[in-house]
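See structure below.
FYI, it's all coordinate maths here, none of it is from the lab. None of the values given here were measured: they were computed from a predicted structure. Here the Cβ positions follow ideal geometry from the backbone for every residue, glycine too, while neighbour counts run over all protein chains shown.
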Ligand SMILES: Nc1ncnc2c1ncn2[C@@H]1O[C@H](COP(=O)(O)OP(=O)(O)OP(=O)(O)O)[C@@H](O)[C@H]1O
Ligand SMILES: [Mg+2]
């Protein structure tokens with residue numbers, strides 16, 4: 001029986017283990033928090049992500065290590081990679097942790113991005129606002145998630161003191177993209193270099209947090225998304241699943257960001273695709289054949305943010321599949337999701353509206 005080490009023990013770890021147990025795998029999570037939701041599906045090494053002893057134990061007690069958490073410190077990852085097989089590699093982590101590195105890689109690979117500028121002072125910000133124009137989005141280069149560490153600048157007054165406001169840390173200013181849709185692509189690359197792609201998902205965010213994700217079968221943007229993702233996977237010699245977020249403007253895509261791990265917009269694949277993103281990630285890192293990525297039905301995933309709704313009315317909906325992350329309710333926190341499946345796009349839309357009504 002193979003033992004998989006996972007850095008991080010949140011809901012992504014929980015879903016990785018749920019996919020991996022039938023593959024004959026055992027899981028050990030490196031996770032400091034006492035109420036980690038993945039811990040009941042494996043063993044937990046309760047230590048910080050950069051704790052040398054914890055990392056060494058993880059390496060010794062498992063056959064290979066992956067991560068479900070992209071802010072795993074690169075120094076720690078580098079050390080871990082000298083002790084065991086770490087997939088995806090350190091390079092992917094290093095690029096994805098810093099929005100500036102990410103944008104630089106996209107440019108190098110001829111993947112279009114919104115205009116941007118590195119900001120290390122209020123003076124840099126004032127100059128960049130003049131150069132890029134407004135509206136624009138100011139973001140911390142590191143550690144942002146769910147729209148945290150961001151400010152939309154609409155007027156010059158919004159820029160005043162904004163460098164301090166975001167913590168006087170390295171920032172990036174991006175032109176605001178007047179997108180038609182937000183799309184994401186879950187891509188998987190195996191150890192032999194084979195790439196597979198899921199249908200693109202169309203995503204709706206509310207207050208910077210993902211609310212709804214719907215796979216779009218045979219979307220006219222599929223090829224473009226795959227071409228961009230393949231370049232990134234190959235240039236990073238990537239192994240595993242990767243989430244790639246795009247803005248669609250008319251008939252082209254601008255890259256927003258990548259996540260070197262399984263991704264929230266791929267949760268629909270658990271019930272909605274032949275092979276889930278979680279299983280394919282595990283197959284990839286283990287060097288096993290990748291599974292088919294085709295959709296089985298029209299699907300949608302709705303995140304539960306802050307608290308879970310009542311279970312019964314949701315389960316009354318045909319094709320509803322419930323996912324509880326066993327997390328304490330807290331405003332803005334992802335605590336679970338529901339996947340809705342239907343053979344009729346019209347009925348699916350009705351079910352989405354019903355779930356949304358139950359969440360209010
Ligand atoms: N340049 C932009 N133009 C327009 N909207 C933007 C821009 N940047 C971000 N947004 C909006 O804010 C959302 C969150 O931004 P982004 O993906 O950069 O942050 P994040 O904190 O890493 O989010 P997540 O963790 O959900 O991926 C985007 O999905 C999009 O809706
Ligand atoms: Mg994002």
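Some points to look at:
- Computed lengthening from residue 56 to residue 360, 0.36 nm per intervening residue step minus Cα-Cα distance: 104.8 nm
- Taking a point 7 Å out from the Cα of residue 81 in the direction of its Cβ, the residues of the stretch 1-25 whose backbone N falls within less than 19 Å of it are 5-8.
- Kirkwood radius and radius of gyration were both taken over the C-alpha atoms of the stretch 181-359, and their ratio Rg/Rh is 0.97.
- 14 Å reach of a label modelled at residue 1, 7 Å along Cα-to-Cβ, counting backbone N of the stretch 288-332: none
- Those residues of the stretch 21-44 whose amide nitrogen sits under 18 Å from the label point placed on residue 63, 7 Å along Cα→Cβ: 21-29, 42-43
- Debye equation applied to the C-alpha atoms of the chain, log10 I(q)/I(0) at 0.11, 0.13 Å⁻¹: -0.76, -1.08
- Note on residue 315 and residue 164: their simple-model spin labels are 5.4 nm apart, each label 7 Å out from Cα toward Cβ.
- Three-way shape label, the stretch 1-72, alpha-carbon gyration tensor, a/c 1.5: oblate
- Remark: the residue 156-residue 191 segment gains 7.7 nm on full extension, using 0.36 nm per residue and subtracting the alpha carbon distance.
- Projected label distance in nm at residue 176 and residue 33, using a 7 Å step from Cα toward the beta-carbon: 3.2
- The stretch 43-86 and the stretch 149-181 have Cα centres lying 34 Å from one another.
- For the options 350, 97, 222, a Gaussian network treatment of the chain with springs between C-alpha atoms closer than 10 Å singles out 350 as fluctuating the most.
- Maximal additional length on extending the residue 218-residue 230 stretch stands at 2.5 nm, based on 0.36 nm per residue less the C-alpha distance.
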